[in-house]
Amino acid sequence: MVLDDAAPPPSTDRPLRVAIIGAGPAGIFAADALTRQTDVPVAIDLIDRLPTPFGLVRHGIAPDHAKMRAIRETLHRSLDQPLVRFVGNVEIGVDLSLDELRRHVDAVVYTYGAALDRRLGIPGEELPGSLAATDVVAWYCGHPDADRTRVEAALAGARSVVVIGVGNVALDVARVLARTPEELEPTDMPQHVLDALAAAPVEQVTVLGRRGPAQASFTTQELRELSDMAGATVLVDPVDLELDPGSEERAAADRVVGRNLGVLRGWAEHALDAGRIPLRLRFFRRPVRLHGDDRVTAIEIERTAVDGDGRAVGTGELEVLPADLVVRSVGYRGTPLPGLPLDEGNGTVPHDGTGRVLRDGRPSTGEYVAGWIKRGPTGVVGTNKHDARETVDALLADAVDGTLAVRGDVDDLVTTLQARGAEPVLLEDWRAIDAAEVALGASRGRARTTMHEREALLAAVRAAAPR
Ligand SMILES: Cc1cc2nc3c(=O)[nH]c(=O)nc-3n(C[C@H](O)[C@H](O)[C@H](O)COP(=O)(O)OP(=O)(O)OC[C@H]3O[C@@H](n4cnc5c(N)ncnc54)[C@H](O)[C@@H]3O)c2cc1C
């Protein structure tokens, strides 16, 4: 599989040029793994379509998870490495095609995440007032592409909120919507988000799971956090906690499930205090249709039972719940990058098991994949570290055995981008954005306020370094 016998091995004069597409955790961990080894001299371009690094650590992890979001500081250390060049505000497939990119580098690592929401496929899903968790999360985290008008219009009339799904993201959304303004003030949410949440008339939040509590995918830590809410009380119907033998077995065998059940049983004894928002966790309920003419007014749900294989089956028992805002949180999936194969079934890039991209079933020289677009949308930030290292190990093995070689002189990527009028955001530019966000926060007595408009982010760059 050696490409070119005459190609020289990478050297400090001509290191192996690696482009990493996506500066989320997987991309940053991949860059980190490349800089921590000395066998193969490397130079890394860490490219992101946004002017800011960190992927879902900035635009996914809930802003009230301050400790978790602080992982940015650890990730930043890898960006500071001299062998790593952050190149933000460049979308591969839009600003530069994959073919063009590959002419500038010897290898590409795809770490562009899995950002598309999955749909329920039920009538009424398109109505105003029906949103994907991706929409709500992007909005409250200040993602430049968030549809602010749509989310804020839905929120403005939201007395009864229904969140569909029982994973951590569903709990994030339910928790943020039920928090008091005082609880959210110390976060780095954009100011308009704080204002819209404070003005939202939320009176109740219901989280629905198709299956039982033993099949829910939230973590115990995330579940427990619901206990700390200043203005909301978690309620669970004890009937939902009566387990069939299969679920009992699962709870006995899986420590997380057992602990989750312990937490839920504690809540089953709760009574609702006046003046607090009820946050109900309901299991064995699946959505059937959303009601409403020009916006959602209710959701029809069906009671389910779990069969021997742990699947939800309908019982025919229907119920209609009032709902002005329905947020579906039933998973993410990867999207295709033009020129790169994607397994349509699971929304991931096909690879050989260690991260070498497969084209027509065979490893494609110089192409690697890591993170959510490799494994699918599962796992916490740290899961991507091991995953990225596995991918980088494959890349380095290919460089050492000569499968992957340097390809002579190549033009500098950033110079090419600038020459064609693009505005790549480099590390010092990101520092200017960072400083502007801290200054904006300080003006309101906060540690940071996220700037959500791409133009505002770029204006901070231009103000710091007039071009
Ligand atoms: C709502 C939510 C909350 C979460 N909360 C937690 C939590 O509390 N704790 C925890 O440990 N984990 C949490 N996770 C999981 C964690 O965020 C993921 O494991 C992790 O972010 C996946 O890393 P990634 O690098 O594969 O993808 P991402 O973080 O999505 O990064 C992908 C990057 O690629 C960029 N990109 C996409 N397309 C292109 C392109 N064409 N060209 C250039 N760049 C591109 C994107 O802008 C993005 O920056 C959460 C996930 C979600 C969705």
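Side notes on the structure shown:
- Just so you know, in region 118-134 the residues that are more than 10 Å from the ligand (Cβ to nearest atom) and crowded, with 19+ Cβ neighbours inside 10 Å include one that is farthest from the chain's Cα centre (by Cα), and it is GLY124.
So that you can scan it fast, the table gives a plain yes or no per residue for (1) polar (S, T, N, Q); (2) away from the ligand (no atom under 14 Å from the Cβ); (3) in contact with a strand residue (DSSP E or B) (Cβ under 9 Å, 6 or more places away or on another chain):
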position: TYR140; (1), (2), (3): no, no, no
position: ALA158; (1), (2), (3): no, yes, yes
position: GLY165; (1), (2), (3): no, no, yes
position: GLU182; (1), (2), (3): no, yes, no
position: VAL193; (1), (2), (3): no, yes, no
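- Answer residue from region 75-94, given it is among the aliphatic types (A, V, I, L, M) and closer than 25 Å to THR187 by Cα and is nearest to the ligand (Cβ to nearest atom) among those: LEU75
- When region 414-467 is filtered for residues that are in a helix (DSSP H, G or I), surrounded by 12 or more Cβ atoms within 10 Å (Cβ to Cβ) and among the polar types (S, T, N, Q), the ones remaining, listed by number, are THR416, GLN418.
- Meets criteria (more than 16 Å from the ligand (Cβ to nearest atom), out of contact with any Lys or Arg (no Cβ under 6 Å at 6 or more places or on another chain) and polar (S, T, N, Q)) for SER97: no
- For region 83-101, the set of residues classified as farther than 19 Å from ASP145 by Cα and of a type in the set (Gly, Ala, Ser) consists of SER97 only.
- Figure legend. Inter-residue proximity from region 46-61: first residues under 8 Å from GLY22 (Cβ atoms) and β-branched (Val, Ile, Thr), second residues more than 6 Å from the ligand (Cβ to nearest atom) and part of a strand (DSSP E or B), beta-carbon distance below 9 Å, spacing 6+ or different chains. Indicated pairs: ILE47/ALA19; ILE47/ILE20; ILE47/PHE86; ILE47/VAL87; ILE47/GLY88; ILE47/LEU96.
- Complete set of residues in region 171-180 that are within 16 Å of the ligand (Cβ to nearest atom) and not in a helix (DSSP H, G or I): ARG179
- Residues located in region 401-413, provided they are hydrophobic (A, V, I, L, M, F, W, C) and surrounded by fewer than 17 Cβ atoms within 10 Å (Cβ to Cβ): VAL410
- For the residues LEU34, LEU16, the requirement of being away from the ligand (no atom under 16 Å from the Cβ), of a type in the set (A, V, I, L, M) and buried (at least 24 other Cβ atoms within 10 Å of the Cβ) singles out LEU16.
- When GLU317, GLU269, GLU249, GLU242 are checked against the criterion of being surrounded by fewer than 16 Cβ atoms within 10 Å (Cβ to Cβ), in contact with a helix residue (DSSP H, G or I) (Cβ under 9 Å, 6 or more places away or on another chain) and in the same structural domain as ALA170 (by TED's automatic domain parsing), GLU269 stands alone in meeting it.
- Restricting ARG72, ARG49, ARG58 to those that are within 16 Å of the ligand (Cβ to nearest atom), under 16 Å from the mean Cα position of the chain (by Cα) and more than 30 Å from THR180 (Cβ to Cβ) reduces the list to ARG49.
- Total residues in region 282-310, condition in contact (Cβ under 8 Å) with a residue 12 or more places away in the chain and out of contact with any helix residue (DSSP H, G or I) (no Cβ under 7 Å at 6 or more places or on another chain): 20
- Of the helices (runs of 4 or more DSSP H) lying entirely inside region 181-256, the ones with 1 or more residues being of a type in the set (Val, Ile, Thr) are found at 191-199, 220-224.
- Residue in region 148-158 that is crowded, with 22+ Cβ neighbours inside 10 Å and within 29 Å of PRO51 (Cα to Cα) present: yes
The values are calculated or read from the model by the stated rules, or taken from the named source; none is laboratory data. Because the structure is predicted, anything quoted here is derived from the model rather than measured. Counting neighbours? That spans all protein chains shown, and the Cβs are built from the backbone with ideal geometry, glycine included.
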